[in-house]
Amino acid sequence: QAQPVESGGGLVQPGGSLTLSCVVFTTTSTLYDMGWYRQAPGKQREFVAGLRSGVPTSYSDSVKGRFTYSRDNTKNTAYLQMNSLKPEDTATYYCQNWNTGQWGQGTQVTVSS
C-alpha cells in the first residue's frame with residue numbers, strides 16, 4: 001500500500017516532450033507528498049521536482065523552466081510534464097512517496113535522435 005507506480009517513459013527526440021505519471025494506490029483518503037528523481041547510468045540519483053503540502057513546488061536548476069510538476073489529488077497522482085528535452089535528460093525517472101519513503105520501480109526516458 002502507498003507504493004508509487006510510474007509510467008509514461010519512452011524514446012523522444014531532442015526538443016520533444018513527455019509526460020510522466022506517478023500514482024499511489026491507497027485505500028485511505030491520505031494525500032501523499034511525492035517527488036520526482038532521476039538516475040542516469042553511472043551517476044547518482046538526483047532530485048528533479050517535488051511538492052510538499054503547504055510548500056511551493058521545487059525544481060532542480062537543470063530542469064527549471066522546462067519541466068512542470070502537477071498533481072491530481074482526486075487520483076493521488078503526480079505528473080511531470082517535460083518539455084524541450086535534451087539528451088542529458090536521459091535517465092530512469094523515479095517517484096518517491098515522501099510520507100512513507102517508498103520508491104517506484106522507475107520509468108526510462110531516452111532523449112535521442
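Take the Cα pairs of the stretch 53-113, get the Kirkwood Rh, then feed it into Stokes-Einstein at 37 °C and 0.692 mPa s and tell me D in µm²/s. Estimated diffusion coefficient is 248 µm²/s. Per residue, the solvent-accessible area of the chain (1.4 Å probe, heavy atoms of protein chains only, all protein chains present) comes to 52 Å². Site-free segments of the chain were taken between chymotrypsin sites (Phe, Trp or Tyr not before Pro) in DSSP loops having at most 16 other Cβ atoms within 10 Å, sites themselves excluded; the longest one is 26-97. Under 20 Å Cα to Cα from LYS64, which aspartates and glutamates show up? Leave out anything in the same chain fewer than 8 places away. Filter leaves ASP33, GLU46, GLU88, ASP89. Note: relative contact order over the stretch 27-88, using C-alpha pairs below 8 Å and six or more positions apart, is 23 percent. For the chain, the fraction of 1.4 Å probe accessible surface lying on carbon and sulfur atoms is 50 percent.
Across the chain, the relative contact order, built from alpha-carbon pairs under 8 Å that are at least six residues apart, equals 39 percent. If you take the beta carbon distance between LYS86 and VAL5 as r and set R0 to 25 Å, what does 1/(1 + (r/R0)^6) give as a FRET efficiency, to the nearest 0.05? Calculated value: 0.45. Considering every alpha-carbon pair of the chain, the percent of pairs per 5 Å bin, from zero through the bin containing the longest distance, is 2, 13, 24, 26, 19, 10, 5, 1, 0. The calculated FRET efficiency for the pair SER17 and ASN73, based on their C-beta separation and a Förster distance of 30 Å, comes to about 0.80.
Using a 7 Å offset from the Cα along the Cα-to-Cβ direction at both GLN105 and VAL55, what is the distance between the two label points in nm, to one decimal? The two pseudo-label positions are separated by 2.9 nm.
Between PHE25 and TRP98, the modelled label-to-label distance comes to 2.5 nm, taking each label 7 Å out from Cα in the direction of the beta carbon. Relative to the Cα centre, the charge distribution of the stretch 34-113, modelled as +1 at Lys and Arg Cβ and -1 at Asp and Glu Cβ, gives a dipole magnitude of about 80 debye.
The values are calculated or read from the model by the stated rules, or taken from the named source; none is laboratory data. Treat the numbers as computed from the prediction; the structure is a model and nothing was measured. Positions of Cβ are generated from backbone atoms using ideal geometry, with glycine treated the same way; all protein chains shown enter the neighbour counts. Protein only, heavy atoms only, side chains kept; ligands, DNA and RNA dropped before computing areas. Shrake-Rupley method; radii C 1.70, N 1.55, O 1.52, S 1.80 Å.
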